[in-house]
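Below you'll find the structure, written out as structure tokens, and then a few comments.
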Amino acid sequence: MVAPPLLWSEVTAALRQRAFRNEVSSDLAEKTLSTLLESRIERTMPSELYREAYSLAAGLGWAKSYDAEYVALARLLGCPLLTADARLRRGASRVIQTMVPDDV
């Protein structure tokens, strides 16, 4: 599995926000972060990643390019995008193959 560097920032921010809101315990958030940091997901950033993400976001009508980084990486590597995010999957499926965790 591969992901753009953004994954680690987004997960860290989401875990901190959920702990701050008491939606999860600080212990669970920290354990989950440790699991991510110890995972075998490879950080991958091809030189074309940001230009491709910008172009995809524009083509898909997205105001921001964050989600497009995941789509761009999958497209550049010629692999499907694995996501549980239904909104991202709907948009991405217009330009690449998508998968949900149950497909794995």
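Brief remarks follow.
- Comparing LEU77, PRO101, ALA57 along the charge dipole axis of segment 49-103, the residue lying farthest to the positive side is ALA57, per the Cβ-charge model.
- With Cα atoms as the point set, segment 49-103 shows a radius of gyration and Dmax of 10.1, 31 Å.
- Extension reserve of the THR12-LEU37 stretch, reckoned as 0.36 nm per residue once the Cα distance is removed: 8.0 nm
- Helix 6-20 axis versus longest C-alpha principal axis of the chain: approximately 40°, rounded to the nearest ten.
- Among TYR70, TYR54, a tally of other beta-carbon atoms within 10 Å of each Cβ gives an order, fewest to most, of TYR54, TYR70.
- Of the residues THR83, THR35, the one with the fewest other Cβ atoms within 10 Å heads the list, and the complete ranking is THR35, THR83.
- Looking at segment 46-89, the GluC sites (Glu not before Pro) that sit in a DSSP loop and have at most 13 other Cβ atoms within 10 Å of their own Cβ are GLU48.
- Where labels lie 7 Å past Cα in the beta-carbon direction, separation of VAL104 and THR44 in nm: 1.4
- Spread over its residues, the convex hull of the C-alpha atoms of the chain is 110 Å³ per residue.
- Taking amide H positions as modeled 1.01 Å from N, with prolines and chain starts lacking one, the residues under 5 Å from LEU81 and 5 or more places away or on another chain are GLN97, THR98, MET99.
None of the figures in this text is laboratory data; all of them are computed from the coordinates on show. Everything numeric in this text was worked out from a predicted model, so none of it was measured. Here Cβ is always computed from backbone atoms with ideal geometry, including for glycine, and neighbour counts include all displayed protein chains.
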